[in-house]
Amino acid sequence: MTTNLIAVGLPLFSALLLLLISEKTKYLKELLSIGVLLTSLIAAGMGLILSMKGVQTSLNLEWLGSLSSFSLKADMLSSFLLAAVSMFSAAVSLYSFSMEKKGSSKWFYFNVLMTQALAAGAVLSDSLITMLFFWEGMLVFLYTFIALSADSKETKNTALKAFLINAVTDLLMIIGVLITGALAGSFNMSAISGSKLTLTGWATAGYVLMLIGAVAKAGAFPFHTWIPDAALNSSASFMSYVPAAIDKLLGIYFLARISLYLYQLDSFMQIVLMTLGAVTIIVAVMMAFVQQDYKRLLSYHAVSQTGYMILGIGTLNPIGIAGGLFHMINHATYKSCLFMTAGSVERQTGTNDIEKLGGLFWKMPVTAVCFIIAAAAISGIAPLNGFFSKELVYKGSLETGYVWFFFAAEIGSFLTLASFLKLGHSVFFGKLKPEFENVKESPFSVLFPMVIFSAICLAFGFGAYWPIKNLIEPSLAGIGIVSSHELAGFHPDYLFAFSLAVILLALGNHILGFNLAGKRAHKASDHIHHAPILSEIYDMAEKKFFDLYELSMKFMNYFSRLLFKSDRFFDKITDNMPSGFFGYTAEKISAAHSGSYSLYMSLSLIGALIYLFLAGGLK
Amino acid sequence: MTTELLSYSLIPLLSALAIPFLGRKNRKITEILANVTLLAGLANLAYMIFHPMNRNSGYAVFSFDGLTMSMLFTIYLVAICCVFFASVSGMVKSEKNSFYPLVMISVSAMSSMVLAKDFFTLYIFMEALAVTSFALIASEEGTLGIEGAIKYLLLTFPASALIIIGISLMLLAGGSLRFDIMSQSFSTAHFAALAFITLGFAIKAGLFPFHFWTPDAYQGAPAAVSAYLAGVVTKISGMYALVKICMAVRLFGENAHAISSSLLLAGVITLVFASIAALTQKDMKRMLAFSSISQMGYIAAGAATLNPIGILGAILHIFNHATFKTVLFLNSASIEKSVGTTDMRKMGGLEKNMPFTSWTSIIALFSTAGVPPLSGFWSKLLIIISLWITGFKFAAVVALIFSIVTLAYFMTMQKKVFFGKPKEELKEAKEASPSMLAPAVLMSLIIVFSGIFFPYVFDFLEKTL
């Protein structure tokens, strides 16, 4: 456990130490952070090796009295996730070394270190309460991460949007955790998994609330809307770290934990999960296809790919689950890599608008090659890692008997490839714009993490056997899922033919679009963008008509106006009405004091008579 | 009459007789004599009340009660303040030498009323007081003063008639005017007599709907006279007697409760009505007049509960009302002197120019509205508590709410007069001279200290009642 704790404790203390270092020092902050995160990665790697040898370590401390203890447990799944999280932290810290567009470097690295510490804590937690402690801590740094990444009003608004979406869903998750803990009689996940909860009554509510928290973290539809906004308003470093990697890892990890470890799901919840996955794939990829901004296009794909993971886990059969988990790590790898290429291009050319870019292949060859590998991986081209994980997801969804989900996933693949053809074509190929004549390749610190990630894409593709056999299968076995089929390996069966067909279709579509748009690559999506019906839907989507956050903000606007109006109304009742009444009465009384003797006398007389009657006992 | 305190009514009377002769040559002597007479009386009273030997013995050496003592103290206190103010401000036209003798006579009459042991004596001095009040109101030159004076006379003369009828009935029925003897053979005639007398004093005190003369009289009279009238004269001639009656009615038990309940009703209606009427007054003195009426309502309601706490509250409120209303009226006089009007619409932002006037006004109005820990808070609290515990819960709530209305109209007044942007034409307004401020500052100090040291005040009254 001690080695694992290094990945939690060391970044935490270094983050606090970092705050003491002056902003003016050169490289000290960067080098300290990179060193700390590399150390964490080594520690996490050692912990993973230990777990792979079958050693399970845990830590139990007295905390919160009888409610829960502070318990961490490094089973295979947790160790695997810890290693992955540490890897992305180390990579992004290296990548950001010479990236200027990341806000204050001190605060950037502070946020990276804090996120690493909290994410590591969250994946190691065995108690749900401990996990919430780390999980909610990340929320704070999500906000500061975005808010400090650039100095503009939009950035602050996006930070607030991200914070609010995650805060609301996290609140629901807290309620879900409390319900689960109350029903199970313990907040300890290993204790709950001993007798899994079934979806009846309150347990359904508990599961659904936690599910919302998990998929919102992963960035699934309809909780994804802050990610495309952040793509525009924050830095490539942030995008390649949090939405591309950490959020996916944590969200899917927790989804797997609750769906497979804590609860026994039924066939209805299976449909719900798979539908959620399929809808996320289709909706997000449709949006991604028509984007004109490098990072924004990638960010929609980051959402879309989440759909595959949810779909995979939602199949509830070992093949699909393995596919979902494998896709999680693969996606994090290539999406991180893709965002890094976006950052690299932005760093060298100053823009991410694909209309302005073009023909950069020979100017930035390393970036371009890394992009091509990662894009091929995300599009599921064999034999890269994305192909294998998607294949497992397809197989799993076919095995459930619901063919529609398979087709939805294939349509997603088709559009993914089509949009990456468009992106790659318009950025790296075509005619080089004269203003980019002097563009140079990015420095080593930027290229190195990219190269590593594309190497992993290749390695996990050509050698897909190893990670599935040594990482995914033991992880699943650790939470009680053993497959009867052989998961690893390359199968040249009908699915492979299908994927080839999809690739050809996408290529054909791209050539068609390219030619229809007058040989302008960035317009290659226009024939679908401006197709009847779709065009209107796209317009509405661009106006954020389907954005749950914007909708609720609009509703909140009305609601607050309603509250304001009702407040005014009650104010009228409590304030204006009495004062109006008193004012009116006072005016009348003043007017009655007209100075007329006869009036005064007669009133006095009447008063005296009434008094005498009353005093005489008249009731 | 209580003979041992008779000097308090005789000395002012002698002084009143001496002033016209001594002051014929020199006006100063008039003022000095009046001030000295009252100051001596006040010092004497203060000595008797505050002397440690007397306090330690629980005032057992005196045969009178705390009510008498505190009323005498109030009379002298307000009288000295008003007379001193009048003499230093020069606002009272004393060429005719009428003001000081009149005040002296009325002090004498009031002291005699307070010292009276039976209603007939009380009645005689009340009439003497009414005549002097009439003359005092009329001392303002111009039609307003005369109009106010005539209204006062016409609207209160039925009271004298009713009281004398009541007294005659009493004498006819039992042959005695002493309450302890009357209570042994309480008859319908006694009841009727008591009812008439109560009605008469209610008219004198200016309870609703017999209050009509009050605003006109206070507005019409010179400010020092208004302060004097509002501070003590109407309280002694009406409220004091009502409190006395209520103390007596306690002796008669259930039989006379219809009288006190009617009085309570009149009191509550008065405080509601006058508070509302005060809200929209444009003239400062008129607003103060309505405020004065509504405070009469509190006192009547408190006394009519017949509860010891209520009566104590009523007595305290008479005293407190004398202090804060005097401050407010004297301040209105200072403002009138420096601005030339009492119309609040023509004022604004006087705070800068007249800070002492503003602050003493704030203290006085907070005390009126019952803001702790000022003295007005305690007496109002006692009245409201006694209304609540005797079962008049609705009346208690109304009294509570209308103390907020009191605050509302006084804050409006304070805002219109002192706060806000100074008006162009008022830039030159000057603070009153220190000697003119002295009475208001003294009264404000009394308000603050009797509020803070309220337990001692309460102790004194409780021991001696």
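Each reported figure results from applying straightforward, stated rules to the coordinates on display, with no laboratory input. Only a predicted model underlies this, so the values are computations on that prediction, with no experimental measurement involved. Cβ: placed from backbone, ideal geometry, glycine included. Neighbour counts: every protein chain shown.
Observations on the structure shown:
- Packing-based ranking of A:554-564, A:405-415, A:504-514, A:306-316 yields A:306-316, A:405-415, A:504-514, A:554-564, ordered from highest to lowest mean Cβ neighbour count within 10 Å.
- In this entry, the stretch A:266-523 is assigned a mean projected area of 13.2 nm², taken as a quarter of its C-alpha convex hull surface.
- Value of [θ]222 nm, deg cm²/dmol, for chain A, DSSP H segments ≥ 4, -39500 (n - 2.57) each, nearest 500: -23500 deg cm²/dmol
- Trypsin sites (Lys or Arg not before Pro) within the stretch A:430-474: DSSP coil, no more than 11 neighbouring Cβ in 10 Å: A:K431, A:K440
- Structural descriptor for the stretch B:294-359: relative contact order 18 percent, calculated from alpha carbon pairs under 8 angstrom and at least 6 residues apart.
- Exposure proxy ranking, count of Cβ atoms within 10 Å, fewest first, for A:R568, B:R250: A:R568, B:R250
- Here chain A is assigned +1 on the Cβ of each Lys and Arg and -1 on the Cβ of each Asp and Glu. Its dipole about the Cα centre then comes out at about 780 debye.
- Cα gyration tensor category, rounded, prolate or oblate, for the stretch A:1-246 with a/c compared to 1.5: oblate
- Here the label points at A:S552 and A:D571, each 7 Å from Cα along the C-beta direction, are separated by 2.8 nm in the simple model.
- Total formal charge among the other residues, if their Cβ is under 15 angstrom from that of A:K73, Lys/Arg +1 and Asp/Glu -1: -1
- If you plug the beta carbon distance of A:N438 and A:F559 into 1/(1 + (r/R0)^6) with R0 = 56 Å, you get a FRET efficiency near 0.55.
- Potential extension, A:T585-A:I42 segment - 0.36 nm per residue separation minus Cα distance: 187.1 nm
- Over the protein assembly as shown: Kirkwood hydrodynamic radius from C-alpha pairwise inverse distances, Å: 36.3 Å
- Approximate spin-label separation B:L400-A:A459, in nm, with each point projected 7 Å along Cα-to-Cβ: 7.8 nm
- Inter-chain shielding of B:280-288 (mean C-beta neighbours from other protein chains, 10 Å cut-off): 2
- Chain A - percent relative contact order, Cα under 8 Å, separation 6 or more: 12 percent
- Coordinate range along principal axes, alpha carbons of chain B, Å, largest first: 69, 53, 48
- In a fully extended conformation the segment linking B:T412 and B:K430 would gain 4.3 nm over its present Cα-Cα distance, using 0.36 nm per residue.
- Once the Kirkwood radius over Cα pairs is known for chain A, the Stokes-Einstein relation at 37 °C and 0.692 mPa s delivers a diffusion coefficient of 125 µm²/s.
- DSSP beta bridges confined to the protein assembly as shown are antiparallel in about 80 percent of cases.
- Cut-off under 5 Å, modelled amide H: who pairs with A:T57 long-range: A:A74
- Placing R0 at 22 angstrom, the Cβ-Cβ distance between A:A182 and A:E62 gives a FRET efficiency of 0.55 after rounding to 0.05.
- Other residues with beta-carbon under 15 Å from the beta-carbon of B:L77 carry, at +1 per Lys or Arg and -1 per Asp or Glu, a net charge of +2.
- Dipole axis of the protein assembly as shown (+1 Lys, Arg; -1 Asp, Glu on Cβ), positive-most option in B:V339, A:I6, B:A364: B:V339
- With both labels modelled 7 Å from their Cα along Cα-to-Cβ, the A:I175 to A:I511 distance reads 5.5 nm.
- For B:R345 and A:Y597, a Förster radius of 30 Å and the Cβ-Cβ distance give a FRET efficiency of 0.60, rounded to the nearest 0.05.
- The residues A:W226, B:W359, B:W378, when put in order of fewest to most other Cβ atoms within 10 Å, stand as B:W359, B:W378, A:W226.
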